[in-house]
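The structure appears right after this line, and notes come after that.
The values are calculated or read from the model by the stated rules, or taken from the named source; none is laboratory data. As the structure is a computational prediction, the values presented were derived from the model and not from experiment. Positions of Cβ are backbone-derived with ideal geometry, glycine not excepted, and every protein chain shown enters the neighbour counts.
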Amino acid sequence: MKEQHIASAFDRDLEAIQARIMKMGGLVEAAILEAAQSLEDRDEERAETVRAGDRAIDELEEMINEDCARLIALRSPTAIDLRIVLSVMKIAGNLERIGDYAKNMAKRTGVLIQMSPIEGSHAALRRMAREVQLMLKDALDAYIRRDAALAADVIQRDRDIDQMYNALFREFLTFMLEDPRNITACMHLHFMAKNNERMGDHVTSIAEQVIYLVSGVKPDENRPKGDKTSVDPSIAPTMAYADTDEDD
Amino acid sequence: MYDSPKTGTAVDQKDIKITARKVQVYYGDTHAIKDVDVQIEDKTVTAFIGPSGCGKSTFLRCINRMNDTIDICRVEGDILLDGEDIYDKRVDPVQLRAKVGMVFQKPNPFPKSIYDNIAYGPRIHGLAKNKAELDEIVEKSLRRGAIWNEVKDRLHAPGTGLSGGQQQRLCIARAVATEPEVLLMDEPCSALDPIATGQVEELIDELRENFSVVIVTHSMQQAARVSQKTAFFHLGNLVEYGETSQIFTNPKDPRTESYITGRIG
């Protein structure tokens, strides 16, 4: 919708809310990368910055919710305007959750730095986080450009994240079976992998909001589900119950 | 296991009350309504929205031949009420208007008592055999107009002495007194305050039980609140017609989108 509202203040309000979402998205993207990098570099100070930075993300979500409530009360948005407000509120919620996962990764980094590193795991986690961050960047670009095709592509890419998680799940299991002294570190690393996998799901949800925003209809629920650890005992014969909390 | 009766589809499948086919309206040389095709459902509130001069009131007035009273106005195409052409030569416009009632923008009670305002239509159409029956019709109509409790003790006071909101409900009661099948409302709330508007909107929702209601409104919020179907008119064309919830969340035509979101279209 390139046309302007007759009430130009309405346009300004909508633009201000969307600018906040973009700012929030930028902070969350940085938090993901920094959390993974601080683990690889064993940099406690960097991890602490990520933990402290979550507050700003939470505050932005609060502000966005207040802005949206005000806009609904004062302007009664309809059609595309209504879909903008609804999608902004959901995206803000997703970003806030992703921020929490990044913060949780940074917390575990603080613990892991005290232990001897598990070979190869840190780089693998960083690659996974990098993938999630790129998906998030594309999802937010798709939002700004109202690009449903790019959003659909992001949804497809969640499968790659799920596969990376499956691979790490197996790897950590192997380390733990080899030497029980690895268990503590591997448990933390596994949760970090799971955090990344959950972030991917939230990014997927953002991409779905973009499709709803552009087309007015929710995409079909046929997106790829690549996390098989909770349903396929062959992946983890001795620990089939390892992942029971969330199903996607 | 027995399936429960499929009431859902029975409710959704409304009968068609009014069918318009290729309706054109001309005021002299001005082509005011262009090729309008629409099917209006029974026991449904249908809202006509659109900018001033888009033809929504003109089209509304075609449905009970109010445009007959304008000399330079010419109507072409078919408008069917229950499958019968209302512009057929054998149709008496007065009888038609008893079936298709109308409520106007400004409340316009007759300069008579509240009682006579309601009794006028039933009297000229011979709907009551005696005084008792007429009393019954007056009470029933005033109750349907959601104004009975406010006027029952002063039925013989002049209708013009009521407040604006009460006058409008009196006019709605007057319109339903002849047992119409369709009720046309041309901006019925534009002269009312928010409380009276709320009462009239509540009334419209109740009237839907028995009538097919067509309402012209400039308030998009009102159209969204009271109607189940919405038709958007622009420059004499019917641009989009559909479920109200669809029109207001996901309109198909960019002109509808521009209008309902308050953009310059």
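Summary of computed values
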quantity: Flag if A:Ser38 is more than 14 Å from every other protein chain (Cβ to nearest Cβ), over 24 Å from A:Ser205 (Cα atoms) and among the small types (Gly, Ala, Ser); calculated: yes
quantity: Checking B:Met185 against (1) farther than 30 Å from B:Gly121 by Cα; (2) more than 11 Å from chain A (Cβ to nearest Cβ); (3) not small (Gly, Ala, Ser), the condition it does not meet; calculated: (1)
quantity: Options B:Gly8, B:Gly55, B:Gly28, B:Gly50; residue that is loosely packed, with under 14 Cβ neighbours inside 10 Å and either basic (Lys, Arg) or modelled with pLDDT of 90 or more (or both); calculated: B:Gly28
quantity: Filtered residues of the stretch B:58-77 (kept if surrounded by 18 or more Cβ atoms within 10 Å (Cβ to Cβ) and either within 16 Å of B:Phe104 (Cα to Cα) or at pLDDT below 90 (or both)); calculated: B:Thr58, B:Phe59, B:Leu60, B:Arg61, B:Cys62, B:Ile63, B:Asn64, B:Arg65, B:Met66, B:Asn67
quantity: Hits in the stretch B:158-202 - residues which are modelled with pLDDT of 90 or more and of a type in the set (A, V, I, L, M); calculated: B:Leu162, B:Leu170, B:Ile172, B:Ala173, B:Ala175, B:Val176, B:Ala177, B:Val182, B:Leu183, B:Leu184, B:Met185
quantity: Which numbered condition A:Arg126 misses (of (1) at pLDDT 95 or above; (2) closer than 17 Å to A:Glu44 by Cα; (3) among the basic types (Lys, Arg)); calculated: (1)
quantity: Some residue of the stretch A:81-93 being polar (S, T, N, Q), in contact (Cβ under 8 Å) with a residue 60 or more places away in the chain, within 14 Å of chain B (Cβ to nearest Cβ) and assigned to a helix (DSSP H, G or I); calculated: yes
quantity: Residue within the stretch B:69-89 that is within 18 Å of B:Arg169 (Cβ to Cβ) and among the polar types (S, T, N, Q) present; calculated: no
quantity: Test: A:Met199 is buried (at least 18 other Cβ atoms within 10 Å of the Cβ), part of a helix (DSSP H, G or I) and at pLDDT below 95; calculated: no
quantity: Any chance B:Val200 is in contact (Cβ under 8 Å) with a residue 40 or more places away in the chain and touching a helix residue (DSSP H, G or I) at 6+ places or on another chain (Cβ under 9 Å); calculated: no
quantity: Filter result (under 13 Å from A:Arg75 (Cβ atoms), crowded, with 18+ Cβ neighbours inside 10 Å and away from chain B (no Cβ under 14 Å)) within the stretch A:1-31; calculated: A:Ile17
quantity: Test: residue in the stretch A:62-77 that is within 22 Å of A:Gly25 (Cα to Cα) and either within 14 Å of another protein chain (Cβ to nearest Cβ) or not in a helix (DSSP H, G or I) (or both); calculated: yes
quantity: Among (1) away from chain A (no Cβ under 14 Å); (2) under 19 Å from the mean Cα position of the chain (by Cα), the one test that B:Ala223 misses; calculated: (1)
quantity: Subset of the stretch A:32-81 (residues that are at positive phi and surrounded by 15 or more Cβ atoms within 10 Å (Cβ to Cβ)); calculated: A:Ala79
quantity: Residue count, the stretch B:235-265 (criterion: of a type in the set (Asp, Glu), more than 7 Å from chain A (Cβ to nearest Cβ) and surrounded by 19 or more Cβ atoms within 10 Å (Cβ to Cβ)); calculated: 1
quantity: Selection status of B:Glu201, under 16 Å from B:Ala146 (Cα atoms), of a type in the set (Asp, Glu) and buried (at least 16 other Cβ atoms within 10 Å of the Cβ); calculated: yes
